[in-house]
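Working notes for the structure below.
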Amino acid sequence: MLRVENLTKIFRTGFLGKGEEIIAVNEVSFLLRKGEILSLIGESGSGKTTVARLILKLLRPTSGHIYYKDTDIWDIPSKTYWRKIQAIFQDPYASFNSFYKVDRILKNVFKLFPDKISEEEKDRKIYEVLERIGLDPKEVLGKHPFELSGGQMQRLLLARCLIIDPEVIIADEPTSMIDASMRVILLNILKELSNKAGKSIIFITHDISQAFYVSDRVLVMYRGRIVESDSVEHILFSPQHPYTKRLISDVPKLHEKFKFTLT
Ligand SMILES: Nc1ncnc2c1ncn2[C@@H]1O[C@H](COP(=O)(O)OP(=O)(O)O)[C@@H](O)[C@H]1O
Ligand SMILES: [Mg+2]
């Protein structure tokens, strides 16, 4: 679905960009296959969100390319592209216009669709999706984003994602504001989207146990580079890179947890 080749993003800070250079993403390459969940793990500041923003065409790369089904994403009209690729972000408040109420925000989603959709059809779809992810439509639809909790907002982003029904979903720390019980529900929805609906998902997290719970393959990112990429089993039982070993040793109960999720 996606092919990322030698992707590099350098930020220049300071007045007129004359300050320090930050190499946020450094020669990153990977493939995202149809129907798989690929986890991108790494500590804060390792470049994960920058990769997500580059894939979403929210940032131009300094060098390198991203191909969606063999076409460079910068050759695809944004509106067409965003029907195919959607994101659930770490900071959900930044993703919505606070001026509108939730029902308006969700209805605006349909503007991405080329066909005319009736108001009843929109309402039906919105109710269906909200109920599926455990949000009470009557409770949230009349509210503004700032009246909702962080967890409700993250689920609202998932709702938007489900309405658009893209082929690729980028989930950037989607559970950071959600409490533990809801977290499993959201992770299970992602798994279901990949297993049953064939969606390709990039799951970004600093929490290695969540990565293992949802993914097929894991990319380990460290200081802008991908230092290791392998199946969940290999990363867990024979990590190669020192940073990966450290990540895994940080979670002493992980092996137990992993066995538990397999049974
Ligand atoms: N717009 C920006 N301008 C300057 N530096 C940035 C910008 N966005 C991110 N960075 C820097 O790039 C690095 C990677 O950030 P980020 O991709 O957000 O990491 P992560 O999501 O893994 O925490 C960090 O050092 C961060 O400070
Ligand atoms: Mg981030």
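Which ones in segment 31-43 are in a strand (DSSP E or B) and within 15 Å of ligand 1 (Cβ to nearest atom)?
First, pick out the residues of segment 31-43 that are in a strand (DSSP E or B): 31-32, 37-41.
Result: Ser39, Leu40, Ile41.
For segment 26-33, the criterion of a residue being on the phi < 0 side of the Ramachandran plot, in contact with a Phe, Trp or Tyr (Cβ under 7 Å, 6 or more places away or on another chain) and small (Gly, Ala, Ser) is satisfied by no position. Of all residues in segment 194-224, those that are closer than 23 Å to Asn6 by Cα, surrounded by fewer than 21 Cβ atoms within 10 Å (Cβ to Cβ) and away from ligand 2 (no atom under 16 Å from the Cβ) total 2.
Every residue, every condition in (1) modelled with pLDDT under 90; (2) more than 15 Å from the chain's Cα centre (by Cα); (3) not hydroxyl-bearing (Ser, Thr, Tyr), yes or no:
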| position | (1), (2), (3) |
| --- | --- |
| Ser46 | no, yes, no |
| Ala87 | yes, no, yes |
| Asn108 | yes, yes, yes |
| Glu120 | no, yes, yes |
| His144 | no, yes, yes |
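Residues being assigned to a loop (DSSP other than H, G, I, E, B), surrounded by fewer than 22 Cβ atoms within 10 Å (Cβ to Cβ), hydroxyl-bearing (Ser, Thr, Tyr) and free of Cβ contacts under 8 Å to residues at least 40 places away in the same chain are entirely absent from segment 170-193. Being surrounded by fewer than 18 Cβ atoms within 10 Å (Cβ to Cβ), over 22 Å from Leu219 (Cβ atoms) and of a type outside the set (Phe, Trp, Tyr) holds for only one residue in Gly35, Gly19, Gly64, Gly45, and it is Gly19. Of all residues in segment 220-238, those that are within 17 Å of Ile202 (Cβ to Cβ) and at pLDDT below 90 have Cβ atoms under 7 Å from Cβ atoms of residues that are buried (at least 17 other Cβ atoms within 10 Å of the Cβ) and polar (S, T, N, Q), 6 or more apart or on another chain, in Val232/Ser215; Ile235/Thr244. Can you confirm whether segment 142-152 contains a residue that is over 15 Å from Asp216 (Cα atoms), outside any loop (DSSP other than H, G, I, E, B) and of a type in the set (Asp, Glu)? Yes, because at least one residue in segment 142-152 is over 15 Å from Asp216 (Cα atoms), outside any loop (DSSP other than H, G, I, E, B) and of a type in the set (Asp, Glu).
Quick grid of which residues meet (1) modelled with pLDDT of 95 or more; (2) within 16 Å of ligand 2 (Cβ to nearest atom):
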site	(1), (2)
Thr13	no, no
Ala24	yes, yes
Ser29	yes, no
Glu43	no, yes
Leu54	yes, yes
Pro61	yes, no
Gly64	yes, no
Thr71	yes, no
Ile76	yes, no
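Each row is one residue, and each column tells you yes or no for (1) closer than 28 Å to Gln152 by Cβ; (2) hydrophobic (A, V, I, L, M, F, W, C); (3) within 13 Å of ligand 1 (Cβ to nearest atom).
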{"residue": "Val51", "(1), (2), (3)": "yes, yes, yes"}
{"residue": "Leu56", "(1), (2), (3)": "yes, yes, yes"}
{"residue": "Thr62", "(1), (2), (3)": "no, no, yes"}
{"residue": "Ile76", "(1), (2), (3)": "no, yes, no"}
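The values are calculated or read from the model by the stated rules, or taken from the named source; none is laboratory data. Note that the coordinates shown come from a computational prediction; the quantities given were computed from them, not determined experimentally. Backbone-built Cβ (ideal geometry, glycine too); neighbour counts: all protein chains shown.
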